[in-house]
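Chemist: Dumping the structure here so I can ask a few things about it.
The values are calculated or read from the model by the stated rules, or taken from the named source; none is laboratory data. Computed from a predicted model, the values in this text were never measured in an experiment. With ideal geometry, Cβ positions are generated from the backbone for all residues, glycine too; neighbour counts draw on all protein chains shown. Please note that ligands, DNA and RNA were not included when accessible areas were found on the heavy atoms of the full protein model with its side chains. Shrake-Rupley method; radii C 1.70, N 1.55, O 1.52, S 1.80 Å.
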Amino acid sequence: MRWLPCGDAAALVEVDDLDTVLRLHAAVEAAAPDGVVDLVPAARTLLVRCTDQRALERAAAVVADLELPDHAVPTGEEVTIPVHYDGEDLDDVAAHLGCDTEEVVRRHLATTWRVAFTGFAPGFGYLVDDAGGRPLEVPRRDESRTRVPAGAVALAGEFTGVYPRESPGGWQLIGRTDEAMWDVDRDPAALLAPGTRVLFEEAR
Amino acid sequence: MRGPVSGPVSGHAARLVVEQPGALTVVEDLGRPGHAALGVPESGALDPGALRLANRLVGNDEDAAGLETTLGGLVLRAEGPLVLAATGAPVTLVVEGPDGCRKHGTGAAVHVPDGATVRVEPPRAGLRSWVAVRGGLVPALVLGSASTDLLSGLGAPLAEGDVVPVGSTPARPVPALDQAPLPTPTDGVLVLRAVPGPRDDWFTREARESLTRDWTVDSRSNRVGVRLEGEPLRRRRRHEDQELPSEGTIAGSVQVAANGLPVLFLRDHPVTGGYPVVATVVTEDLPQAAQAVPGQQLRFRYVRGPQLPCET
C-alpha cells in the first residue's frame with residue numbers, strides 16, 4: 001500500500017491490482033472514517049478525499065490499519081445490453097489480438113462481465129471478466145478521438161465499457177448500443193453500479 | 001439533459017427573466033460531493049466562499065443556489081421585487097427601473113423593483129462573480145444539487161428568455177451592513193500553492209521546477225479546468241511511453257496531457273483520468289484559480305503536503 005498526496009485534503013492509495021483496490025474500497029466504506037467526502041476506486045488506486053488536511057491524516061491512519069476482506073463487491077443485478085457490432089476499431093482490435101473480427105465479437109458476447117468500478121463520466125462502468133480472465137486485452141488508441149458518440153461500446157486494457165454520452169475518448173470502438181447508460185430522470189440514474197453483471201447480446 | 005430552469009411555475013413570489021446571459025451564466029450552489037464514485041464531480045460554485053457571502057448579504061442560508069456569471073454582460077429582469085447581492089470579481093450592477101437608473105457595487109444588498117432590469121458590467125479585475133437573490137433560486141435538483149455541471153451535462157448555461165423561479169422569503173432579515181469587504185483578484189501574476197504529486201516522479205526535475213515559473217492562461221479554459229500555455233513538461237525516460245492506469249482526480253489536480261501541457265482542474269473536472277497529475281493546488285487557493293483571466297500569468301509555489309503513512 002503506497003500513499004500519494006493529492007493536495008492538502010486527498011490522497012491516492014496505490015495497491016498491486018484491481019482486486020485489492022476493490023477489497024480496500026469495501027473495507028474503507030465499512031470503516032467509514034470521519035471526514036471522508038469521496039472514495040473513487042480505479043484500476044490500481046483508491047482516491048480518498050476528505051474535508052480538510054486533519055481529517056485526511058486521521059482517515060489515513062485508520063485506513064493503514066484496516067484488515068482487507070477476502071472478497072470485494074458482492075455480485076449484484078444482471079443487465080443485458082444489445083449491441084450493433086460495427087465499431088470503427090474492430091479491424092485494429094482483431095489485428096492486435098491476432099484473430100478475425102468475428103472472434104472479437106464472439107468473445108465479447110461469450111464473456112460474463114462485471115462492473116469493477118465506475119467513473120470517467122456519469123454512467124460509465126469499467127467492466128472486467130467476471131471469471132477473472134482477460135478475453136479482449138488491447139491498448140488504448142495512440143491518439144484519442146475528440147468525439148466518441150453516446151452508446152459507443154469500447155475496449156481498453158483489461159476493460160470493456162459503454163460511453164454514456166458524447167465525449168472525447170481513447171478507447172477502441174467495437175460497437176454501439178441504444179441503451180441509456182445514464183438518465184437523470186431514472187432512479188437510479190446509472191444503469192451500471194459496481195458489482196452489476198453485464199451480458200452483451202447482438203442487437204437486431 | 002434537463003436544464004436548470006423549471007417550466008411554468010406557480011406559487012413562487014418572484015422570478016428572474018434572463019434578457020441576456022452574457023458570456024456564460026450558470027446556476028450553482030455548493031455542489032454535489034459524494035458522487036465521485038459514480039463519475040459525477042463535485043461541481044458547484046468555483047468560489048464557494050464568495051457564494052456563501054453573497055447569500056449571507058441577502059439573508060439566505062449559505063447553501064442557497066445563486067448565479068455564477070463570467071465576464072459580465074448578464075441582464076436580468078425582475079418579476080416581483082427582488083433583493084440581490086454580488087460577490088467575487090468586482091462588477092457594477094446597473095439597475096434600471098421606473099424610478100431611473102442606479103449603479104451599485106459588489107458586497108452589498110441591492111433592491112430591485114418589480115419590472116426593473118439589472119445589468120452586470122464586465123469585471124474590473126478577475127473573471128467570475130456570484131449573484132445571490134433573496135429567497136434563493138429554486139431550479140430542479142439533480143442528485144441533491146442545483147449546480148450546473150458542464151462536463152457531465154447536468155443542467156445547462158442560462159439562455160435568453162429563461163425564467164428562474166425565486167424561493168420564498170427567508171425568515172432572516174437582510175443584514176444591516178453597508179459594504180462587505182471583498183478581496184480584489186490580482187491582475188498581476190497569480191501564484192497558487194501546490195503539493196507535489198501524486199505523479200511528480202513521472203516528470204524530469206526541470207519539468208517539475210518549470211511549474212514555479214510563469215505560465216499563460218489559455219483562452220480555452222472553462223469550469224472543467226484552467227489550461228496553461230508554455231514549454232511542455234517532459235517525462236522521465238522510464239515513463240515516456242508508459243500508460244497510466246486511470247485514477248481518481250480532484251479539483252486542484254494539475255494534469256499533464258499527452259502534449260505535455262498542464263491543465264489545472266476546477267470543479268467540473270473528470271473524476272478519473274489516464275494522464276499523470278504532477279501537482280495539486282491546495283483547497284484554500286483554488287478560488288483564486290477561478291479568477292484567472294485568459295492571457296494572465298500564473299505560476300505555482302510548492303508547499304509541503306499532509307502527513308501520510310509510509311509504504312506498508
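Chemist: On a C-alpha basis, how far is the centre of region B:267-312 from the centre of region A:1-52 in Å? Whole number, if you could?
Modeler: 18
Chemist: Given the peptides B:144-154, A:28-38, B:255-265, arrange them by the average over their residues of other C-beta atoms within 10 Å, most packed first.
Modeler: Numbers: B:144-154: 23.9, A:28-38: 15.4, B:255-265: 19.5.
Final packing ranking: B:144-154, B:255-265, A:28-38.
Chemist: Arrange the peptides B:297-309, A:131-143 so that the one whose residues have, on average, the most other Cβ atoms within 10 Å appears first.
Modeler: Details: B:297-309: 17.7, A:131-143: 14.0.
Per-residue Cβ counts within 10 Å, averaged per peptide and sorted highest first, yield B:297-309, A:131-143.
Chemist: Which whole number gives the average count of other chain Cβ atoms within 10 Å of the Cβ atoms across peptide A:174-186? Could the numbers behind the result be given before it?
Modeler: On the way: counts 0, 0, 0, 0, 0, 0, 0, 1, 7, 1, 10, 3, 0.
The mean count of partner-chain Cβ atoms within 10 Å per residue comes to 2.
Chemist: With both bridge residues required to lie in region A:78-202, what share of the DSSP beta bridges run antiparallel, to the nearest 5%?
Modeler: On the way: 21 of 27 bridges.
The antiparallel fraction comes to roughly 80 percent.
Chemist: Quick check: Cα centre of region B:185-237 to Cα centre of region A:61-139, how many Å?
Modeler: Cα centroid to Cα centroid, the span is 34 Å.
Chemist: Out of A:His108, A:Ser144, A:Pro82, whose Cα points farthest toward the positive end of the dipole of region A:78-202 (charges: +1 Lys, Arg; -1 Asp, Glu; placed on Cβ)?
Modeler: A:Ser144
Chemist: Compute the angle between helix A:53-64 and the longest alpha-carbon principal axis of chain A, please, reported from 0 to 90 degrees and rounded to the nearest 10.
Modeler: With both axes taken from Cα atoms, the answer is about 80 degrees.
Chemist: Only Lys, Arg, Asp and Glu count, each charged at its Cβ (+1, +1, -1, -1), so figure out the dipole size of the protein assembly as shown about its Cα centre, rounded to 20 debye.
Modeler: Working: 49 positive and 72 negative charges, 336 e Å.
Charge dipole of the protein assembly as shown: 1620 debye, to the nearest 20.
Chemist: If you average the alpha carbon positions of region B:86-132 and of region B:55-79, how far apart do those two centres end up, in angstrom?
Modeler: The distance from the Cα centre of region B:86-132 to that of region B:55-79 comes to 10 Å.
Chemist: Separate question: Which residue, chosen from B:Gly66, B:Gly260, B:Trp130, occupies the Cα position most advanced towards the positive end of the dipole of chain B, where the dipole is computed from +1 (Lys, Arg) and -1 (Asp, Glu) charges on Cβ about the Cα centre?
Modeler: So the residue furthest toward the plus end is B:Gly260.
Chemist: About the Cα centre, and with charges only on the beta carbon of Lys, Arg (+1) and Asp, Glu (-1), how big is the dipole of chain B? Nearest 20 debye, please. All intermediate terms of the calculation are to be shown ahead of the outcome.
Modeler: Working: 30 positive and 35 negative charges, 92 e Å.
Charge dipole, chain B, about its Cα centre: 440 debye, nearest 20.
Chemist: Quickly estimate the mean residue ellipticity at 222 nm for chain A, helices only: each DSSP H run with n ≥ 4 gives -39500 (n - 2.57), and the total goes over all residues, rounded to 500. Intermediate values should be presented prior to the final figure.
Modeler: Values: 4 runs with 44 residues, N = 204.
When only DSSP H runs of four or more count, the value is -6500 deg cm²/dmol.
Chemist: Across peptide A:135-145, how many C-beta atoms of other chains are within 10 Å of each residue C-beta, on average?
Modeler: Numbers: counts 0, 0, 0, 0, 1, 3, 0, 1, 1, 3, 0.
Other-chain Cβ atoms within 10 Å of each residue's Cβ, averaged: 1.
Chemist: Picking from B:Thr184, B:Thr87, B:Thr280, which is most flexible by a Gaussian network model of chain B using Cα springs under 10 Å?
Modeler: Result for chain B, Cα springs under 10 Å: B:Thr184 fluctuates most.
Chemist: Let me ask another. Test of the criteria: in region B:126-234, which GluC sites (Glu not before Pro) are in a DSSP loop and have at most 11 other Cβ atoms within 10 angstrom of their Cβ? Write down the numbers at each step before the final one.
Modeler: Numbers: sites: B:Glu160, B:Glu206, B:Glu209, B:Glu229; in loops: B:Glu160.
In loop regions of region B:126-234 (DSSP not H, G, I, E or B), the sparsely surrounded GluC sites (Glu not before Pro) are B:Glu160.
Chemist: Further, regarding this structure: Express as a percent, rounded to the nearest 5, the fraction of DSSP beta bridges in the protein assembly as shown (both residues included) that run antiparallel. Can you show the working numbers first?
Modeler: On the way: 98 of 109 bridges.
Within the protein assembly as shown, antiparallel bridges account for around 90 percent of the total.
Chemist: Sticking with this one: By how many degrees, 0 to 90 and rounded to 10, does the Cα axis of helix B:48-57 deviate from the longest principal axis of chain B?
Modeler: Tilt of helix B:48-57: around 20 degrees.
Chemist: How far apart, in nanometres, would the label points at A:Thr80 and B:Ala125 be if each is projected 7 angstrom from Cα along the Cα-to-Cβ direction?
Modeler: Result: 6.5 nm between the two label points.
Chemist: OK, next. In Å² (nearest 100), what accessible area is buried between A and B, both sides summed, heavy protein atoms only, 1.4 Å probe? Spell out each step's value before the answer.
Modeler: Numbers: alone 10840 and 14760 Å², together 21940 Å².
Interface area, both chains combined: 3700 Å², rounded to the nearest 100.
Chemist: Order the peptides B:124-136, B:166-178, B:51-63, B:101-113 from the highest to the lowest mean number of other Cβ atoms within 10 Å of their residues. Present the calculation step by step, with values, prior to reporting the outcome.
Modeler: Working: B:124-136: 24.5, B:166-178: 12.9, B:51-63: 22.2, B:101-113: 17.5.
The densest-packed peptide leads the list: B:124-136, B:51-63, B:101-113, B:166-178.
Chemist: Right, something else. Tell me which of B:Phe300, B:Ser43, B:Ala207 sits at the most positive position along the dipole axis of the protein assembly as shown, charges placed on C-beta atoms (Lys, Arg +1; Asp, Glu -1).
Modeler: Working it through, the farthest residue towards the positive pole turns out to be B:Phe300.
Chemist: Here is a follow-up. What is the dipole size for region B:224-272, taken about its Cα centre, with +1 at each Lys and Arg Cβ and -1 at each Asp and Glu Cβ, in debye to the nearest 20?
Modeler: 180
Chemist: How well do other chains shield peptide A:41-53, expressed as the mean number of their Cβ atoms within 10 Å of each residue Cβ? Can you show the working numbers first?
Modeler: Details: counts 4, 10, 6, 4, 7, 3, 9, 1, 7, 1, 2, 3, 6.
Mean number of neighbouring Cβ atoms from other chains: 5.
Chemist: For A:Arg134, what charge total do you get from the other residues with a beta carbon under 14 Å from its beta carbon, if Lys and Arg give +1 and Asp and Glu give -1? Present the calculation step by step, with values, prior to reporting the outcome.
Modeler: Details: positive: A:Arg107, A:Arg114; negative: A:Asp17, A:Asp19, A:Asp129, A:Asp130, A:Glu137, A:Glu158.
After counting each charged neighbour, the total is -4.
Chemist: For chain B, calculate the relative contact order in percent as a whole number, restricting contacts to Cα pairs under 8 Å that are 6 or more residues apart. Please list the in-between numbers first.
Modeler: Working: 842 pairs, mean separation 66.3, N = 312.
Relative contact order for chain B comes out at 21 percent.
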